[in-house]
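This structure is in structure tokens; I'll ask about it shortly.
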2 protein chains.
Amino acid sequence: MSELAKDTTEDKVLNGVNVDGIFRAIAIMSCDAGAAKFQFRNRNRWITGGLNRSFVDGFYGACNEHTRETPFVLDNDEPPVLLGEDRGPNPVEQVLHGLAGCITTTLVYHAAARGIRIDEMETSFEGDLDLRGLLGIPGAKRNGYEEIRIKVRIRADDATKEEIDELVKLAERRSPVFDIVSNPVPVKVTVDF
Amino acid sequence: MSELAKDTTEDKVLNGVNVDGIFRAIAIMSCDAGAAKFQFRNRNRWITGGLNRSFVDGFYGACNEHTRETPFVLDNDEPPVLLGEDRGPNPVEQVLHGLAGCITTTLVYHAAARGIRIDEMETSFEGDLDLRGLLGIPGAKRNGYEEIRIKVRIRADDATKEEIDELVKLAERRSPVFDIVSNPVPVKVTVDF
């Protein structure tokens with residue numbers, strides 16, 4: 001499966017994606033379901049108030065453990081109006097960032113596999129939240145986003161409007177984070193004392 | 001509503017949270033539902049391959065528009081095995097980071113409101129993903145996480161085991177990102193040409 005990452009001069013690259021790598025991945029995972037199993041992880045430490053810090057490092061996938069040379073360090077905080085000091089985006093903003101990245105990467109990779117060159121792509125997001133849910137005040141429909149609206153702007157000079165529309169629909173249908181947000185994920189919590 | 005953010009020397013602070021600020025928010029939002037309405041936003045630009053960049057700046061909440069002095073800039077990328085160059089955590093890892101932050105902040109704020117001092121808190125996350133979903137290979141249960149497992153470690157020397165257990169359950173019940181991940185959020189996509 002390290003074959004997947006191979007980026008030789010012979011490999012075709014489109015949209016900055018190794019297209020032959022995508023087809024190698026599809027070929028390998030089509031006959032070996034185990035190669036498609038990934039496990040992503042995070043470790044987070046509370047610092048004070050709304051400030052906490054995540055360390056993103058190892059993950060399992062393509063039949064191997066992977067580590068980064070240096071873990072990614074990411075901070076959450078809250079803005080002053082939510083009693084924090086704005087030392088990082090807040091957790092619901094982080095979710096929009098993950099959703100943006102996932103839709104974008106899904107679209108760009110699938111476009112590369114279809115031979116469609118993307119020239120530019122921008123997305124913008126709005127999510128409505130009723131804070132009464134978090135605070136336990138009656139009246140909120142729910143605690144999380146009531147709705148998320150996404151605007152996608154794409155320039156792909158060699159593609160038709162229909163091809164672009166179909167790519168956006170494909171990104172919605174295939175994106176892991178789009179699925180996580182749109183459909184229920186079972187979450188199991190255990191407490192260590 | 002700027003009252004909310006006020007941090008005077010008279011205000012009680014516990015766990016780094018302005019406890020009087022929490023009770024002011026509850027009082028205001030209990031009689032004015034409009035004050036509880038928030039809208040968070042994100043703007044993302046694709047760079048190349050799996051690399052894209054989010055700008056997190058303004059949001060609406062507590063009856064006002066808010067901006068940051070400097071927008072937060074966050075990158076998504078993919079590791080080499082997923083054909084990226086590891087210039088940032090990937091989108092499904094970002095979701096675990098948002099979930100971690102939200103559970104932690106929800107717990108710490110509610111503990112402060114209950115007068116419970118938290119001495120330390122760490123969480124760790126695992127999420128199982130079958131990449132066949134993203135790639136459109138038949139056989140995956142779904143495209144996103146099949147399950148997320150969370151381990152919570154808390155030290156709260158003055159609290160009983162029962163109080164800590166109840167705080168963890170409250171965090172699950174109240175956390176916006178826990179709700180977003182556990183339950184379906186309607187997502188509406190429009191394409192601009």
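What is the distance, in nm, between label points placed 7 Å from the Cα along the Cα-to-Cβ direction at B:Cys63 and at B:Lys151?
With each label point 7 Å from Cα toward Cβ, the separation is 4.7 nm.
Would you pull out the residues with amide H under 5 Å of A:Val13's amide H, same chain only if 5 or more places away, H placed 1.01 Å from N?
Amide H to amide H, under 5 Å and 5 or more residues apart or across chains, A:Val13 pairs with A:Val19.
Also, quick follow-up: If you count, for every residue in A:66-76, the Cβ atoms of partner chains within 10 Å of its Cβ, what is the mean?
Mean inter-chain Cβ contacts per residue within 10 Å come to 4.
If you put a point 7 Å past Cα along the Cβ direction, how far is that point for A:Glu166 from the same point in each other copy, in nm, smallest first?
5.9
A further question on this structure: Keeping all protein chains in the complex and leaving out DNA, RNA and ligands, what accessible area do you get for B:Asp128 with a 1.4 Å probe, in Å² to the nearest 10?
Surface accessible to solvent at B:Asp128 totals approximately 40 Å².
In Å² (nearest 100), what accessible area is buried between A and B, both sides summed, heavy protein atoms only, 1.4 Å probe?
11500
So, one more: From the label point of B:Arg142, set 7 Å along Cα to the beta carbon, how far off in nm is each other copy's matching point, shortest first?
For B:Arg142, the other copies' label points sit at 1.2 nm, shortest first.
State the three equivalent ellipsoid semi-axes of chain A, derived from the C-alpha gyration tensor as the square roots of 5 times its eigenvalues, in descending order and whole Å.
Rounded to whole Å, the semi-axes are 34, 24, 16.
Hey, another quick one. Would you mind getting me the FRET efficiency between B:Glu10 and B:Cys31? Use the beta-carbon distance for r and R0 = 35 Å, nearest 0.05.
Approximately 0.95, to the nearest 0.05.
What are the distances, in nm and sorted shortest first, from the label point of B:Asp128 to the label points of the same position in each other copy, with each label point placed 7 Å from Cα along the Cα-to-Cβ direction?
Spacings between copies for this position, smallest first, are 3.6 nm.
Would you list A:Phe59, A:Phe23 from the most to the least accessible area, probe 1.4 Å?
Ranking A:Phe59, A:Phe23 by accessible area, largest first, yields A:Phe23, A:Phe59.
Can you work out ³J(HN,Hα) from phi for every residue in the range B:181-188, in order, using Karplus 6.51 cos²θ - 1.76 cosθ + 1.60 and θ = phi - 60°, giving whole Hz and x for Gly and Pro?
Per-residue couplings from phi come out as 7, 7, 10, x, 9, x, 10, 10 Hz.
Could you bin all the Cα-Cα distances of the protein assembly as shown into 10 Å bins starting at 0 and give me the percent of pairs in each, rounded to whole numbers?
Values per bin, smallest distances first: 5, 24, 33, 23, 11, 4, 0.
Heavy-atom accessible area of B:Lys169 with all protein chains present, probe 1.4 Å, nearest 10 Å²?
110
Among A:Ser124, A:Ile180, A:Ala156, flag the residue with its Cα farthest along the positive direction of the charge dipole of the range A:120-182, charges on Cβ as +1 for Lys/Arg and -1 for Asp/Glu.
A:Ile180
Any chance you could look up the accessible area of A:Ser30 with a 1.4 Å probe, heavy atoms only, rounded to 10 Å²?
Roughly 70 Å² of A:Ser30 is accessible to a 1.4 Å probe.
What translational diffusion coefficient, in µm²/s and rounded to a whole number, does the Stokes-Einstein relation yield for the range B:110-172 at 10 °C and a viscosity of 1.306 mPa s, taking the hydrodynamic radius as the Kirkwood radius over Cα pairs?
The estimated diffusion coefficient comes to 112 µm²/s.
Let me ask something else about it. Take the Cα atoms of the range B:9-92, find their three principal axes, and give me the spread along each one in whole Å, biggest first.
Largest first, the range B:9-92 extends 52, 28, 24 Å along its Cα principal axes.
The values are calculated or read from the model by the stated rules, or taken from the named source; none is laboratory data. The structure displayed is predicted, hence computed values, not measured ones. Note: ideal-geometry Cβ built from the backbone for every residue, glycine included; neighbour counts use all protein chains shown. Quick note on the areas: whole protein, heavy atoms, side chains included, nothing else; ligands and nucleic acids left out. Shrake-Rupley method; radii C 1.70, N 1.55, O 1.52, S 1.80 Å.
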